[in-house]
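Below is one structure, written out as structure tokens; the observations come after it.
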Amino acid sequence: MARHRAVKHQFLFAVTKSYKWKAPKKELKNQWRELDNQLKTGNIDYDTWVTKKANIWFISSSGDFFQGYKCKESYKESLQKFAKLFGDWIQKTYGIKYIKDITPEMAQKFLETKAKEGVHYSTLRKYTAMIKALALASQKSFNKDLNNPSYIFNFAKGIHVPIDAVRCEDRTMRIDPAHYEKIINSDFFRNSKSTAKIGIPLARHFGLRVSELSRLCYNDIAMSFDEIPQKLQKFVIDKSPYDAYLIIRKGKGGVYRVIPALSKEEYILLSDIKKECISKDINKNNWIIPVKRGAINKFFRECLKRNDLSYYIDHKISIHGLRKLRASELFLQKLGDYYLVEEIGNEKEKIYYTLKKAGKYVDRYLGHETSTKAKANQDTMRMKLVRRYQIDVISPEDIASRLSECGADYNKALSIVNEILSEL
């Protein structure tokens, strides 16, 4: 590295040197993914990951594409812009002359500073990925002996999007359980004769979308497995300990699912609706909530206002916040269940696969569409949804507490969870 070259120019040189025009990316993509998975599960450490991946990693031209008559920015150009931003900030803040002197703490401080400046969560996620790319580019370009541990560029080790940036976003907000109890126990809710009223506990206990609430019929409640139409039995998410189920027909994306009643409260809710249908001699094909979806959300907003919870309205949180409440609670429940039976590998690998399994279960429970062609893109989409509805809605401390209830050491679990979340 040149003596008087600015930090941003050192990064720009590394990016340019790592660029290959029309390189055979597909041939090496599986190797990259395998190394990334090994890092996530703890089978290799960061130093091994960065040295091995730098040997086969490069910036390809696959990011260059056109939209209409305008050429959109390539990944190389995006990385070069970020290199200038990151390099200038590091040099100005810490007076660093060489990129080999940048530490993980400095890189994390950069992310925290940008979060305080109001940079959006999705942008911070891109910044995190680009810092890792700059570490690979530096390792590839400046290290003469990639197998020599003394030449490790470790400034991307353990970096993650600050949790404050995640928690303050509307997309990660859920209705607080105490606030839900306040709503259903309020005089306004108890005395209301609105037909939209039953939608609130249904959304809270079964994680339903408002569009699904407005299409529910009485014959969608099955008080035994045998009541489920035979052609729909394959869509049962799990076995209900109370032998009660709620059928969702053609949800978003045309997805069918049959949701089990997993608690006594859920069983009583379904049972009461079914009893009402029988006692009032209501046609089983009638809608349970015979109003449009807008009316359901309108009633929920009125409940929030009457209970001094306009905070949610200000942040544009609709009844969908109850769906996220159910998703996050079920995620923690299944997390503990899977942790107790998981026997694979080291502790990090065990927690990693426990997180993945719990996320996949809740993802199916919520009825997220899975009709993506490429498996890699499908996995990416799945993880984005898992983060949006489950992981980002709660805190790493919540996850560590749940694992500690199942026998894990809290401090060790918290450290591993933070590390895994930084790599997802």
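The values are calculated or read from the model by the stated rules, or taken from the named source; none is laboratory data. Since we're looking at a predicted model, the values are computed, not measured. With ideal geometry, Cβ positions are generated from the backbone for all residues, glycine too; neighbour counts draw on all protein chains shown.
Please find, among 357, 350, 334, the residue that is without any contact (Cβ under 8 Å) to a residue 24 or more places away in the chain, surrounded by 19 or more Cβ atoms within 10 Å (Cβ to Cβ), not assigned by TED's automatic domain parsing to the domain that holds residue 192 and not hydroxyl-bearing (Ser, Thr, Tyr).
Of the residues listed, the single one that is without any contact (Cβ under 8 Å) to a residue 24 or more places away in the chain, surrounded by 19 or more Cβ atoms within 10 Å (Cβ to Cβ), not assigned by TED's automatic domain parsing to the domain that holds residue 192 and not hydroxyl-bearing (Ser, Thr, Tyr) is 350.
Tell me which residues, restricted to the range 296-341, are of a type in the set (Ser, Thr, Tyr), closer than 25 Å to residue 196 by Cα and under 25 Å from the mean Cα position of the chain (by Cα).
311, 312, 318, 328
What number of residues within the range 193-210 are of a type outside the set (A, V, I, L, M) and either touching a His at 6+ places or on another chain (Cβ under 9 Å) or within 17 Å of residue 294 (Cβ to Cβ) (or both)? Steps first, please.
Here is the first cut: in the range 193-210, the ones of a type outside the set (A, V, I, L, M) are 193-195, 197, 199, 201, 204-207, 209.
Next, from what is left, pick out any that are either touching a His at 6+ places or on another chain (Cβ under 9 Å) or within 17 Å of residue 294 (Cβ to Cβ) (or both): 194-195, 197, 199, 209.
Looking only at that region, the number is 5.
Can you tell me which residue within the range 387-411, out of those that are closer than 26 Å to residue 320 by Cβ and aliphatic (A, V, I, L, M), is modelled with the highest pLDDT?
At the first step, the residues of the range 387-411 found to be closer than 26 Å to residue 320 by Cβ are 387-399, 401-402.
Okay, now just the ones that are also aliphatic (A, V, I, L, M), so 391, 393-394, 399.
Details: 391: 75, 393: 82, 394: 84, 399: 92.
Result: 399.
Could you please let me know if residue 297 is polar (S, T, N, Q), outside any helix (DSSP H, G or I) and outside the structural domain of residue 398 (by TED's automatic domain parsing)?
It is false that residue 297 is polar (S, T, N, Q), outside any helix (DSSP H, G or I) and outside the structural domain of residue 398 (by TED's automatic domain parsing).
For the range 209-229, what are the residues that are of a type in the set (A, V, I, L, M) and either at pLDDT 95 or above or more than 20 Å from residue 297 (Cβ to Cβ) (or both)?
Selection gives 221, 222, 223, 228.
With the condition kept exactly as written, say whether any residue in the range 301-308 is among the polar types (S, T, N, Q) and in the same structural domain as residue 186 (by TED's automatic domain parsing).
Scanning the range 301-308 turns up at least one residue that is among the polar types (S, T, N, Q) and in the same structural domain as residue 186 (by TED's automatic domain parsing).
Out of all the residues in the range 344-366, is one or more at pLDDT 90 or above, of a type outside the set (D, E, K, R) and in contact with a strand residue (DSSP E or B) (Cβ under 7 Å, 6 or more places away or on another chain)?
yes
When you go through (1) in a helix (DSSP H, G or I); (2) over 20 Å from residue 291 (Cβ atoms) one by one for residue 272, which number turns out not to apply?
Unmet for residue 272, out of (1) in a helix (DSSP H, G or I); (2) over 20 Å from residue 291 (Cβ atoms): (2).
List the number of the failed condition for residue 268; all other conditions in (1) within 17 Å of residue 203 (Cβ to Cβ); (2) crowded, with 18+ Cβ neighbours inside 10 Å; (3) free of Cβ contacts under 8 Å to residues at least 40 places away in the same chain hold.
Result: residue 268 fails condition (2) only.
Tell me, which residue of the range 313-323 that is of a type outside the set (Val, Ile, Thr) and under 17 Å from residue 294 (Cα atoms) is surrounded by the most Cβ atoms within 10 Å (Cβ to Cβ)?
From the range 313-323, those of a type outside the set (Val, Ile, Thr) are 314-316, 318, 320-323; that's our starting set.
Now narrow it down to the ones that are under 17 Å from residue 294 (Cα atoms): 316, 318, 320-323.
Values: 316: 11, 318: 19, 320: 20, 321: 23, 322: 26, 323: 22.
Taking the candidates together, the pick is 322.
Does residue 249 count as of a type in the set (Lys, Arg), closer than 20 Å to residue 289 by Cβ and either in contact with a strand residue (DSSP E or B) (Cβ under 7 Å, 6 or more places away or on another chain) or modelled with pLDDT of 95 or more (or both)?
In short, no.
Can we say residue 194 is in contact with a helix residue (DSSP H, G or I) (Cβ under 8 Å, 6 or more places away or on another chain), of a type outside the set (Phe, Trp, Tyr), assigned to a helix (DSSP H, G or I) and surrounded by fewer than 19 Cβ atoms within 10 Å (Cβ to Cβ)?
no
Specify the residue that is farthest from the chain's Cα centre (by Cα); the eligible residues are those in the range 342-362 that are assigned to a helix (DSSP H, G or I) and either over 17 Å from residue 396 (Cβ atoms) or among the aromatic types (Phe, Trp, Tyr) (or both).
This residue is 349.
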